[in-house]
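First up is the structure itself, then whatever we jot down about it.
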Amino acid sequence: MKFKPETYRIPDERMKPFIDSEEIWGYINSTKPTKEKVRQVIAKAMDKQRLNLEDTATLVNTTDPELIEEILQGARTLKEKVYGNRIVLFAPLYIGNKCTNNCKYCGFRSSNKEAVRKTLSDDEIVKEVEALEENGQKRLILVYGEHQNYSPEYIAHTVKLVYGVKKNNGEIRRVNINAAPLDIEGFKTVKESGIGTYQVFQETYDPVAYESYHPSGKKRDYEWRLTSLDRAQEAGLDDVGIGALFGLYDWRFEVLSLIRHTNHLEACYNVGPHTISFPRIKSAASLDITDKHFVSDEDFVKLVAILRLAVPYTGLILTAREPANIRRQVIQFGVSQIDGGTKIELGSYSHTENDKQNLNREQFTINDNRSLSEIIDELIENDYIPSFCTACYRLGRTGEHFMEFSVPGFIKRYCTPNALMTLTEYLVDYGTLEQKEKGYKLIEKNLNQLNGHQDAEEVRRRIDKIIAGERDLYF
């Protein structure tokens, strides 16, 4: 199926815009954060209740350093309660950078004549996946520009292709998608290929700002993009991810809009987004924006903590757009997923530093260039469990079912044991001697902390089976 410019926008009365800029600014401008109110909101979040717009505005408007510290510590504690000490790892794989949009903040923009346009061939995709598997990756997000070549059928084809690549003990067990909004039939086609999460970021939720950043292309249609994940839900694809590109508009507005989007999906479909992403705008080829709305490091840490308090059971994704020192700081306040060993130039995973091929096809600048192994080293040293677990998605614990499972005890019963087993796989197949020594100590420590939620001896037996050569064991 190829998009036709005159027909791609099909009106659907079920799809109504749900962002009211005046309403959101009304909350921001009228909410006064007293100490009592801020602490009430934090307590509400600690009880794992979704925050409403007024609650979120209270935290957003807080400037008292003492209260901001309480927000941060609340987010840290809540993250530990809901997610334990796991950090899920993934890598992005850019499939093609052809694009008909002219977004002012993106290196893929159609007016960027210096961009080398490329779509990976099937053979090139296989080589990229093999290179990723050789580093230990198990979870990928495939990224596509918005172009008629990247139809739902093509996306589904590449997903099946990726799942079919096996290199030694390597395999990709979960493929997520970051691509253009689709119609309901298009989402059905992609869903049938076995994807995990489908991400569509609104970039900015303010309609006026949105129009200014998107002068041409299909992406100019604010409402079509805003309601895209409603169509995904209608198609039966209940595992979706939302996000905003911070730096395009006032960060306070974007935070409240993300909460509004979350609450909208829950109200209409009984399930919120599986993930929220919050990339900060960085330099890119042919960048055409000012720094008026760029977000400081201090505010960035604060907004991540607020998102964690506002949406306790939603995964928060921190990308390699951020430098290592910021990732190190922010990860403790609510982040549950990060990418590692990231390369965003098309074809770059399978090429060495000595290759002379022009790989200047990146969408933006990566600021954390560490390898997956280096990131895993640091996570282990800081007492985090690096996880490649995909059990919930493969057992149907997604969407509304995931919300039902996300209750006290779930982490220690399923997530922690599965994380420990995937870490064992990584250590056996790809870990250095030093990593193995540190990693097995961390595994043993966490086995001793299961506290009866899971049969620790059964977990040990499965870990022994993995060391002996079995793979892909999970609860």
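Points to keep in mind about this one:
- Within the option set 93, 142, being touching an Asp or Glu at 6+ places or on another chain (Cβ under 7 Å), surrounded by 19 or more Cβ atoms within 10 Å (Cβ to Cβ) and in a strand (DSSP E or B) holds for one residue only, 93.
- Residues of region 168-194 that turn out to be among the hydrophobic types (A, V, I, L, M, F, W, C) and more than 18 Å from residue 317 (Cα to Cα), as a count: 6
- Test: residue in region 64-79 that is assigned to a loop (DSSP other than H, G, I, E, B), more than 28 Å from residue 341 (Cα to Cα), of a type outside the set (A, V, I, L, M) and not assigned by TED's automatic domain parsing to the domain that holds residue 246: yes
- Verdict on residue 257 being buried (at least 22 other Cβ atoms within 10 Å of the Cβ) and of a type in the set (S, T, N, Q): yes
- Taken together, the residues in region 96-139 that are basic (Lys, Arg), in contact with a strand residue (DSSP E or B) (Cβ under 9 Å, 6 or more places away or on another chain) and outside any loop (DSSP other than H, G, I, E, B) amount to 1.
- Flag if residue 85 is closer than 30 Å to residue 381 by Cα and at pLDDT below 95: yes
- Number of the condition not met by residue 114 [criteria: (1) within 26 Å of residue 374 (Cα to Cα); (2) at pLDDT below 95]: (1)
- Filter result for residue 368 (in a loop (DSSP other than H, G, I, E, B), modelled with pLDDT of 65 or more and crowded, with 19+ Cβ neighbours inside 10 Å): yes
- With respect to the stated conditions, residue 307 is modelled with pLDDT of 95 or more and in contact with a strand residue (DSSP E or B) (Cβ under 7 Å, 6 or more places away or on another chain).
- Qualifying residue in region 167-175 (condition: of a type in the set (Val, Ile, Thr), in the same structural domain as residue 338 (by TED's automatic domain parsing), in a helix (DSSP H, G or I) and buried (at least 22 other Cβ atoms within 10 Å of the Cβ)): no
- Look at region 367-389: where a residue is more than 26 Å from residue 345 (Cα to Cα) and a partner is part of a loop (DSSP other than H, G, I, E, B) and of a type outside the set (Phe, Trp, Tyr), sitting 6+ places away or on another chain with Cβ atoms under 8 Å, you get 383/85; 384/85; 385/84; 385/85.
- Residue in region 211-228 that is at pLDDT 95 or above, in a loop (DSSP other than H, G, I, E, B) and under 17 Å from the mean Cα position of the chain (by Cα) present: no
- Only one entry in 237, 161 is crowded, with 22+ Cβ neighbours inside 10 Å and among the hydrophobic types (A, V, I, L, M, F, W, C), namely 237.
Residues checked against (1) buried (at least 19 other Cβ atoms within 10 Å of the Cβ); (2) touching a residue at least 12 places away in the same chain (Cβ under 8 Å); (3) outside the structural domain of residue 61 (by TED's automatic domain parsing):
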| position | (1), (2), (3) |
| --- | --- |
| 216 | no, yes, yes |
| 222 | yes, yes, yes |
| 252 | yes, yes, yes |
| 270 | no, yes, yes |
| 276 | yes, yes, yes |
| 298 | no, no, yes |
| 310 | yes, yes, yes |
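- Residue 328 crowded, with 19+ Cβ neighbours inside 10 Å and either closer than 21 Å to residue 369 by Cα or among the basic types (Lys, Arg) (or both): no
- Residue 43 falls short on exactly one of the conditions (1) closer than 21 Å to residue 332 by Cβ; (2) in a helix (DSSP H, G or I); (3) in contact with a helix residue (DSSP H, G or I) (Cβ under 7 Å, 6 or more places away or on another chain), and that condition is (3).
- Pairs with Cβ under 9 Å, 6+ apart, first in region 66-94 and at positive phi, second small (Gly, Ala, Ser): 84/419
The values are calculated or read from the model by the stated rules, or taken from the named source; none is laboratory data. Nothing here was measured: the structure is a model prediction, and the numbers come from that model. Glycine also receives a Cβ, built like all others from the backbone with ideal geometry; neighbour counts cover every protein chain displayed.
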